[in-house]
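A.B. asks: There's a structure below that I have some questions on.
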Ligand SMILES: [Fe+2]
């Protein structure tokens with residue numbers, strides 16, 4: 001059986017003439033060695049291309065965080081103007097101040113690492129409905145639902161920030177960089193958590209405030225039918 005396998009493999013190698021084949025004695029041919037060496041060298045040159053100092057890598061990640069806060073600040077400013085719910089307005093004003101401080105702290109850490117703080121803004125991870133639904137949604141959405149949509153997006157952004165900082169802190173720990181960067185990121189993470197929690201716990205109050213408007217947009221017949229089903 002073993003002999004048959006060997007014979008099959010030898011004849012296949014001979015007939016295909018492929019690089020990387022083994023000779024009848026089982027020794028690797030020189031062309032096979034070359035291929036492996038080439039693969040190894042291309043792999044190592046790839047990782048060499050990706051090599052960067054720890055300091056520079058840290059600056060990159062911190063600037064990535066800063067670009068997210070730059071975008072968040074702009075968004076908070078427009079949300080504060082947009083909302084008609086006083087509690088939300090106040091909370092967002094509070095978080096806007098926190099966000100400004102988060103930016104300042106990040107800028108400081110980046111500068112201390114001899115980096116240049118970015119002024120660019122990241123793309124915030126806000127989901128958007130497909131056009132086919134969006135057109136119908138827009139046609140039927142009340143101002144209360146637009147308010148609710150804004151709050152939903154606030155929650156998405158804050159929770160995305162939590163994921164971002166949580167992972168970044170874990171990565172920085174792996175880098176074994178202790179001190180300023182970790183404490184700055186941890187403080188920011190705590191602030192994002194409390195903002196996300198505020199939105200979550202305030203949602204029932206918000207819905208109570210918005211419900212009459214939403215209810216009024218649904219035809220009475222359907223509401224009565226719905227109540228009968230319940
Ligand atoms: Fe935030």
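A.B. asks: So which helices (runs of 4 or more DSSP H) are wholly in segment 120-216 and hold at least 2 residues that are within 30 Å of residue 106 (Cβ to Cβ)?
C.D. replies: Details: elements: 131-140, 143-175, 180-216.
Once the helices (runs of 4 or more DSSP H) in segment 120-216 are filtered for at least 2 residues that are within 30 Å of residue 106 (Cβ to Cβ), what remains is 143-175, 180-216.
A.B. asks: If a residue has to be without any contact (Cβ under 8 Å) to a residue 60 or more places away in the chain, under 24 Å from residue 143 (Cα atoms) and within 11 Å of the ligand (Cβ to nearest atom) to count, how many in segment 71-87 make the cut? Show your work before the answer.
C.D. replies: Initially, segment 71-87 is screened for residues without any contact (Cβ under 8 Å) to a residue 60 or more places away in the chain, giving 71, 73-74, 76-78, 80-81, 86.
Subsequent filtering for residues that are under 24 Å from residue 143 (Cα atoms) retains 73-74, 76-78, 80-81, 86.
Next, from what is left, pick out any that are within 11 Å of the ligand (Cβ to nearest atom): 73, 76.
So the answer is 2.
A.B. asks: Would you mind stating whether residue 138 is farther than 28 Å from residue 219 by Cβ and at pLDDT below 95? So that I can check it myself, show each step before the final result.
C.D. replies: Values: farther than 28 Å from residue 219 by Cβ: no; at pLDDT below 95: yes.
It is false that residue 138 is farther than 28 Å from residue 219 by Cβ and at pLDDT below 95.
Conditions tested, residue by residue: (1) surrounded by fewer than 16 Cβ atoms within 10 Å (Cβ to Cβ); (2) within 23 Å of the chain's Cα centre (by Cα).
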site	(1), (2)
112	yes, no
119	yes, yes
134	yes, no
138	yes, no
143	yes, no
148	no, yes
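A.B. asks: Let me ask another. Among the listed residues 124, 171, 133, 185, which satisfies the condition of being in contact (Cβ under 8 Å) with a residue 40 or more places away in the chain and away from the ligand (no atom under 16 Å from the Cβ)?
C.D. replies: Working: 124 fails: away from the ligand (no atom under 16 Å from the Cβ); 133 fails: in contact (Cβ under 8 Å) with a residue 40 or more places away in the chain; 185 fails: away from the ligand (no atom under 16 Å from the Cβ).
Exactly one residue qualifies, and that residue is 171.
A.B. asks: Let me ask something else. Go through (1) modelled with pLDDT of 95 or more; (2) more than 15 Å from the chain's Cα centre (by Cα); (3) over 23 Å from residue 200 (Cα atoms); (4) away from the ligand (no atom under 16 Å from the Cβ) and name the single condition residue 61 misses.
C.D. replies: Of (1) modelled with pLDDT of 95 or more; (2) more than 15 Å from the chain's Cα centre (by Cα); (3) over 23 Å from residue 200 (Cα atoms); (4) away from the ligand (no atom under 16 Å from the Cβ), only one is false for residue 61: (2).
A.B. asks: Same structure, new question: Could you say whether any residue in segment 148-156 is more than 22 Å from residue 200 (Cβ to Cβ), at pLDDT 90 or above, touching a helix residue (DSSP H, G or I) at 6+ places or on another chain (Cβ under 8 Å) and more than 16 Å from the ligand (Cβ to nearest atom)? Walk me through how you get there before you give the answer.
C.D. replies: Pass one, segment 148-156, residues more than 22 Å from residue 200 (Cβ to Cβ): none.
No, segment 148-156 contains no residue that is more than 22 Å from residue 200 (Cβ to Cβ), at pLDDT 90 or above, touching a helix residue (DSSP H, G or I) at 6+ places or on another chain (Cβ under 8 Å) and more than 16 Å from the ligand (Cβ to nearest atom).
A.B. asks: Could you list all residues from segment 88-102 that are more than 11 Å from the ligand (Cβ to nearest atom) and either surrounded by 18 or more Cβ atoms within 10 Å (Cβ to Cβ) or modelled with pLDDT under 95 (or both)?
C.D. replies: Those that are more than 11 Å from the ligand (Cβ to nearest atom) and either surrounded by 18 or more Cβ atoms within 10 Å (Cβ to Cβ) or modelled with pLDDT under 95 (or both): 88, 91.
A.B. asks: Something else: Considering only segment 103-118, state which residues are more than 16 Å from the ligand (Cβ to nearest atom) and in contact with a helix residue (DSSP H, G or I) (Cβ under 6 Å, 6 or more places away or on another chain).
C.D. replies: 109, 110, 113, 115, 117, 118, listed by residue number.
A.B. asks: Need pairs with beta-carbon distance below 6 Å; first residue more than 18 Å from residue 76 (Cα to Cα) and within segment 149-167, second in a helix (DSSP H, G or I); sequence gap 6+ or separate chains.
C.D. replies: As it stands, the answer is 165/185; 165/188; 165/189, since those pairs meet every condition given.
The values are calculated or read from the model by the stated rules, or taken from the named source; none is laboratory data. Computed from a prediction, not measured in an experiment: that's the story for all the values here. Note: ideal-geometry Cβ built from the backbone for every residue, glycine included; neighbour counts use all protein chains shown.
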